[in-house]
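A.B. asks: Once you've had a glance at the structure underneath, I'll fire off some questions.
The values are calculated or read from the model by the stated rules, or taken from the named source; none is laboratory data. No experiment lies behind these values; they were computed from the predicted model shown. Virtual Cβ from ideal backbone geometry, glycine too; neighbours counted across all protein chains shown. For the accessible areas, the whole protein counts, side chains as well, though only heavy atoms, and no ligand, DNA or RNA atoms are used. Shrake-Rupley method; radii C 1.70, N 1.55, O 1.52, S 1.80 Å.
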Amino acid sequence: MELLHNLFYGFSLILDPTRILFISIGIIAGTVVGLLPGIGSCSTIAILLPILFGTDPVTGMAMLCAIYYSATYSSAIVAVLLKIPGDASALMTTIDGHELAKKGRSSQAITIAALSSFIGSNVSVVGLMLIAPPLMAFSLNFGPAEHFSLLLLALVLLSILGHDSFIKGMISVIIGLMAGTIGPEPLRGDYRYTLGVLYLSDGLPFISVAMGFFAITDVFNNIEEGIEYKIEDETKRAYGSFKSAFDGILNDFKTCIGSITRGTLVGFFTGVIPGAGATIASFFAYAIEGRFVKTPELYGKGMMQGVAAPEAANSSSVGGAMIPMLTLGIPGSNSTAVMLMGLLLMDVVPGPLLISNRPDVFWSIISSMYVGNLMVLLIVMPVSTLLLARYVSQMKYSLLYPIVLVMVFLGGIGVSGNVFEAWVALGAGVAGYFFEKWGIPLGPMVIALLLGPMFERNLTLALTLSNGSIGIFFERGLSATMMAITFLTIGLNYMKGKKKKKSK
Amino acid sequence: MSKKSISIKLAICLCILSTGLFTASLVAAFPTTHIRYVNHNSPGSGTDRVARMTAKIIEEHKLSPVSMTVENKPGGSGEIARSYVAQHAGDAHYLMTIQPTSISVPMQRASKFTWDYFTPICNLLVDSNVIVVRYESPYKTIKDLMEKAKKEPNTISFAGNSMGGIEYFAKYLLDKTSGAKTKFLAVEPTAQIPGILGGHMDVMSANPDEVDQLVKAKKLRILALLSEERNTLYPDVPTAREQGYDVVLYSFRGVTAAGNISEAEAAYHEKVFEKAVQTDQFKKYATAIGAELKYMPRKQFVKYLKDESVKYEEILKEAGLYKPYKP
């Protein structure tokens with residue numbers, strides 16, 4: 001009862017005309033800036049932070065949440081329509097999302113993405129309110145050894161994912177890990193493989209590589225094959241009425257109920273773990289969903305579940321990540337780090353005392369997550385689905401691709417202003433083209449690139465703590481469990497492969 | 001008057017006006033455009049917050065005729081920001097944040113962007129450093145901790161940002177004064193507090209405002225303050241010195257400008273910041289974050305940086321991390 005009372009309090013604060021106006025401004029700003037690839041949801045907030053100056057914390061946080069959700073959402077739109085992962089959390093959505101767009105189902109994909117995000121974030125907020133303290137206690141059990149085991153499991157799941165060859169998947173992961181070693185060494189900060197280039201001093205800019213691997217490789221491939229239109233089927237290309245944009249959507253939704261549920265749960269728990277945010281949540285959700293899908297050979301080639309699960313996860317991870325932020329004042333993910341920034345700029349210090357010191361801020365954050373999400377769903381979705389999806393899907397590649405290339409290069413330069421990053425995107429596109437020719441999947445590679453530094457750092461820390469003993473990974477319950485799952489997965493996959501060979 | 005003569009007169013007026021303005025801009029006093037305050041950290045970090053607060057105060061109290069924009073250029077442990085400002089040497093419109101890592105990082109990365117490559121302006125405040133453990137930790141005083149570390153070397157783990165950063169210096173100096181040997185863990189800033197709370201790491205070093213709420217909520221415990229005197233924010237916390245470990249380590253947060261600027265331009269900046277730190281707002285802010293108001297004007301600041309630089313160099317050399325720039 002207390003909970004409902006507090007919720008109503010939060011809503012009463014948010015549903016004020018001025019605040020709704022500010023939320024709307026946040027949605028517009030977030031959508032527009034978020035559409036620019038390379039400027040992900042977190043960078044969008046960082047750029048738009050000046051808007052928060054002079055607003056009171058309640059309004060400011062409501063706007064911040066609105067910006068975040070609309071930016072995440074517009075990244076998903078760009079991912080589906082143009083195969084550009086504008087935000088790291090949209091990476092997995094790009095895979096199946098764009099394939100669906102090629103089949104003429106971009107509107108449905110975008111709608112499912114929006115609904116999954118909406119459900120995911122709302123459920124996670126409920127979870128946040130109900131089980132924050134015990135969950136926080138659980139997540140504190142994640143030390144370096146546990147983080148390492150978790151990441152190892154992630155990398156193994158990735159190499160198995162949706163490919164025929166486990167070996168090729170592993171090669172992909174290993175190349176990604178190797179590329180991830182470029183940059184500062186975790187303990188002493190000595191530079192490795194940076195070749196004296198200042199811009200490589202933090203490693204390869206991940207989002208540029210991701211955009212290169214997905215968008216630019218696609219451009220090269222399609223030019224080579226001489227494909228003129230994204231949607232090859234002429235009948236599907238000609239969008240008749242607005243109604244056709246939602247053709248079969250109910251069926252899609254029914255298929256995805258399980259995915260959304262799984263994605264939400266995975267995302268929420270991943271978000272609680274400090275250091276794991278929307279991006280990692282979407283990886284896990286995508287990987288796990290692949291094990292539940294009835295036709296795994298079609299996964300990655302345009303299945304709606306491949307959009308629903310990661311989108312539900314990246315949204316619900318925000319609710320999960322709010323737990324360490326609101327209970328301990330620690331930003332557990334990039335999204336909460338920017339929220340923390342926003343709060344600090346407005347002189348509100350998050351931490352265990354926030355709920356008692358500033359209940360207005362706390363409860364309005366919760367309710368603005370609902371309201372902001374709902375507004376994004378109601379305002380942005382119809383516009384993007386009906387207008388953007390129709391037009392972009394019908395464009396000839398010869399017109400579309402220059403736009404894509406410009407967006408990728410600008411996005412690469414984006415926040416940092418370094419032209420070098422645009423070169424990295426181009427280079428990644430070229431490299432990706434060759435990797436695909438050799439049958440090496442790109443998804444695992446780019447994710448391994450992102451996870452590599454964390455993976456190595458946690459390994460180093462764990463071994464320092466254990467003074468060199470590997471036992472640390474197997475003696476501690478949580479870590480041992482994850483290790484067991486990892487080995488089990490490898491074992492099962494090996495046996496499946498053997499069975500396949502036998503039946504051949 | 002005919003239309004033609006009116007337009008001729010108008011044209012002549014405009015010419016005179018524009019010439020006048022043009023000449024005026026040539027002899028215009030500095031500053032002529034907005035000032036950029038470059039932060040080498042990402043938005044939200046300690047240094048960034050101090051910089052933004054100061055810029056805000058300068059705007060609100062109208063201490064500068066032009067606006068001051070805060071630019072974040074994170075990356076490379078500050079090298080990206082330093083190289084950016086270095087590209088604008090001679091242009092006094094470029095200011096940059098300066099703190100201990102601005103001195104220690106170039107010394108370890110063979111970078112030429114050392115603190116004296118730029119023009120130090122002044123110090124704004126000085127953040128103290130505290131040694132923190134989890135509340136349930138068996139170590140209730142700094143003595144407990146260091147004695148254990150001395151008896152059993154390489155068992156106590158000390159978390160910090162990176163080797164060669166201020167946390168590492170804290171560990172190094174504590175080890176040295178007590179004859180103990182702790183393990184250093186280079187942990188991501190956001191993973192340090194969870195690591196301590198979860199019992200994975202034994203001790204860490206932080207600024208008071210980072211741990212304030214958790215200390216009040218009895219989740220963390222401060223063992224010692226690495227300052228000369230006790231802090232008003234935590235009057236019951238003893239200094240390390242009091243407890244027999246003479247380690248004093250401050251994280252200064254100051255302002256520096258692009259190199260090769262004129263004496264007048266540097267003095268101009270000094271005056272603006274001097275006024276800013278004297279406002280009540282600034283004083284309140286400093287006290288709220290547990291920092292000490294140690295404004296240092298240019299000459300004093302340069303000497304301070306020189307002394308700190310010597311101190312860091314010695315520690316880095318002993319730790320085998322010293323790698324100066326060799327042109």
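A.B. asks: Where in region A:419-492 are the helices (runs of 4 or more DSSP H), entirely inside, with at least 1 residues that are under 18 Å from A:LEU153 (Cα atoms), open to solvent by 50 Å² or more (accessible area, probe 1.4 Å) and not aliphatic (A, V, I, L, M)?
C.D. replies: So the answer is A:443-465, A:472-475.
A.B. asks: Sticking with this one: Only helices (runs of 4 or more DSSP H) wholly contained in region A:1-88 count here; list those with 2 or more residues that are of a type in the set (Ser, Thr, Tyr) and more than 30 Å from A:LEU442 (Cβ to Cβ).
C.D. replies: A:2-14, A:17-35
A.B. asks: Also: Just one of (1) closer than 17 Å to B:GLN243 by Cβ; (2) within 13 Å of chain A (Cβ to nearest Cβ); (3) surrounded by fewer than 23 Cβ atoms within 10 Å (Cβ to Cβ) trips up B:THR182, so point out which.
C.D. replies: Failing condition for B:THR182: (3).
A.B. asks: Residues that are among the β-branched types (Val, Ile, Thr), more than 20 Å from the chain's Cα centre (by Cα) and more than 19 Å from A:GLY86 (Cβ to Cβ): does region A:427-442 have at least one? Spell out how you get there, then give the answer.
C.D. replies: Applying the first criterion (among the β-branched types (Val, Ile, Thr)) to region A:427-442 yields A:430, A:440.
So of that shortlist, the ones also more than 20 Å from the chain's Cα centre (by Cα) come out as A:430, A:440.
With the extra rule that they be more than 19 Å from A:GLY86 (Cβ to Cβ), the set shrinks to A:430, A:440.
Yes, the conditions are met somewhere in region A:427-442.
A.B. asks: Please determine whether any residue of region A:147-169 is open to solvent by 20 Å² or more (accessible area, probe 1.4 Å) and on the phi > 0 side of the Ramachandran plot.
C.D. replies: Checked region A:147-169: at least one residue is open to solvent by 20 Å² or more (accessible area, probe 1.4 Å) and on the phi > 0 side of the Ramachandran plot.
A.B. asks: Right, here's the next one. Quick check on this structure: which one of A:LEU265, A:LEU340 is within 14 Å of chain B (Cβ to nearest Cβ), of a type outside the set (Gly, Ala, Ser), open to solvent by 10 Å² or more (accessible area, probe 1.4 Å) and part of a helix (DSSP H, G or I)?
C.D. replies: A:LEU340
A.B. asks: Separate question: Which condition from (1) under 28 Å from the mean Cα position of the chain (by Cα); (2) hydrophobic (A, V, I, L, M, F, W, C); (3) under 24 Å from A:ASN458 (Cβ atoms) is the one that B:LEU124 breaks?
C.D. replies: With (1) under 28 Å from the mean Cα position of the chain (by Cα); (2) hydrophobic (A, V, I, L, M, F, W, C); (3) under 24 Å from A:ASN458 (Cβ atoms) applied to B:LEU124, the lone miss is (3).
Listed here are the residues, each with its yes/no results for (1) in contact with a helix residue (DSSP H, G or I) (Cβ under 8 Å, 6 or more places away or on another chain); (2) over 23 Å from B:HIS269 (Cα atoms); (3) at pLDDT 85 or above.
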| residue | (1), (2), (3) |
| --- | --- |
| B:PHE22 | no, yes, no |
| B:ASN41 | yes, no, no |
| B:HIS93 | no, no, yes |
| B:THR97 | yes, no, yes |
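A.B. asks: Something else now. With the structure loaded, tell me whether A:CYS42 is under 20 Å from A:LEU340 (Cα atoms) and open to solvent by less than 10 Å² (accessible area, probe 1.4 Å) or whether it fails that test.
C.D. replies: no
A.B. asks: Given A:GLY290, A:GLY319, A:GLY302, which one is modelled with pLDDT under 90 and crowded, with 24+ Cβ neighbours inside 10 Å?
C.D. replies: After applying the criteria, what remains is A:GLY319.
A.B. asks: Let me ask another. Residue by residue through region B:266-288, note down the ones that are part of a helix (DSSP H, G or I) and either of a type in the set (S, T, N, Q) or open to solvent by 40 Å² or more (accessible area, probe 1.4 Å) (or both).
C.D. replies: Within region B:266-288, B:TYR268, B:LYS271, B:GLU274, B:LYS275, B:GLN278, B:ASP280, B:GLN281, B:LYS283, B:LYS284, B:THR287, B:ALA288 qualify.
A.B. asks: Return yes or no: is B:LYS216 more than 10 Å from chain A (Cβ to nearest Cβ) and more than 19 Å from B:ASP48 (Cβ to Cβ)?
C.D. replies: No.
A.B. asks: Please find, among A:LEU35, A:LEU3, A:LEU64, A:LEU52, the residue that is in contact (Cβ under 8 Å) with a residue 24 or more places away in the chain, among the aliphatic types (A, V, I, L, M), crowded, with 21+ Cβ neighbours inside 10 Å and more than 14 Å from chain B (Cβ to nearest Cβ).
C.D. replies: Just one listed residue meets the conditions, A:LEU35.
A.B. asks: Mind checking whether some residue in region B:148-157 is closer than 23 Å to B:VAL126 by Cα and either in contact (Cβ under 8 Å) with a residue 60 or more places away in the chain or hydroxyl-bearing (Ser, Thr, Tyr) (or both)?
C.D. replies: The answer is no; no qualifying residue exists.
A.B. asks: So, of the residues in region B:195-213 that are within 7 Å of chain A (Cβ to nearest Cβ) and surrounded by 24 or more Cβ atoms within 10 Å (Cβ to Cβ), which turns out to be nearest to the chain's Cα centre (by Cα)?
C.D. replies: First pass over region B:195-213, keeping only residues within 7 Å of chain A (Cβ to nearest Cβ): B:195, B:197-198, B:200, B:213.
Then drop every residue that is not surrounded by 24 or more Cβ atoms within 10 Å (Cβ to Cβ), which leaves B:195, B:200.
Values: B:GLY195: 25, B:HIS200: 29 Å.
Going through the qualifying residues, I end up with B:GLY195.
A.B. asks: When both residues are 6+ apart or on different chains and their Cβ atoms are under 8 Å apart, which pairs have a first residue that lies in region B:303-316 and is more than 14 Å from B:ILE166 (Cα to Cα), and a second that is of a type in the set (D, E, K, R)?
C.D. replies: From residues that are more than 14 Å from B:ILE166 (Cα to Cα), the pairs are B:LEU305/B:ASP116.
A.B. asks: Looking at region A:183-206, which of the residues that are free of Cβ contacts under 8 Å to residues at least 60 places away in the same chain and hydroxyl-bearing (Ser, Thr, Tyr) is surrounded by the most Cβ atoms within 10 Å (Cβ to Cβ)?
C.D. replies: Once the filter is applied, the top-ranked residue is A:SER201.
A.B. asks: Scan region A:348-374 for residues that are more than 9 Å from chain B (Cβ to nearest Cβ), open to solvent by 20 Å² or more (accessible area, probe 1.4 Å) and either touching a Lys or Arg at 6+ places or on another chain (Cβ under 8 Å) or not in a helix (DSSP H, G or I) (or both) and jot them down.
C.D. replies: Matches in region A:348-374: A:ARG358 only.
A.B. asks: Residues in region B:248-265 that are buried (at least 18 other Cβ atoms within 10 Å of the Cβ) and of a type outside the set (Asp, Glu): how many?
C.D. replies: Summing the residues that are buried (at least 18 other Cβ atoms within 10 Å of the Cβ) and of a type outside the set (Asp, Glu) in region B:248-265 gives 11.
A.B. asks: Does region B:252-278 hold any residues that are touching a residue at least 60 places away in the same chain (Cβ under 8 Å) and closer than 28 Å to B:LEU226 by Cβ, and which are they? It would help to see each step written out before you state the result.
C.D. replies: Taking region B:252-278 first, the residues touching a residue at least 60 places away in the same chain (Cβ under 8 Å) are B:252-262, B:264-266, B:268-270, B:272-277.
Selection gives B:PHE252, B:ARG253, B:GLY254, B:VAL255, B:THR256, B:PHE273, B:GLU274, B:ALA276, B:VAL277.
A.B. asks: With the requirement that a residue be touching a Phe, Trp or Tyr at 6+ places or on another chain (Cβ under 7 Å) and open to solvent by 10 Å² or more (accessible area, probe 1.4 Å), what does region A:67-87 give you?
C.D. replies: A:LYS83
A.B. asks: Which residues, counting only those in region B:216-247, are open to solvent by 30 Å² or more (accessible area, probe 1.4 Å) and β-branched (Val, Ile, Thr)?
C.D. replies: B:THR232
A.B. asks: Pull out all pairs, ordered by first then second residue, where Cβ-Cβ is under 9 Å, the residues are six or more apart or on different chains, the first lies in region A:457-481 and is more than 10 Å from chain B (Cβ to nearest Cβ) and within 25 Å of A:GLY189 (Cβ to Cβ), and the second is surrounded by fewer than 21 Cβ atoms within 10 Å (Cβ to Cβ) and among the charged types (D, E, K, R).
C.D. replies: A:SER466/A:GLU475
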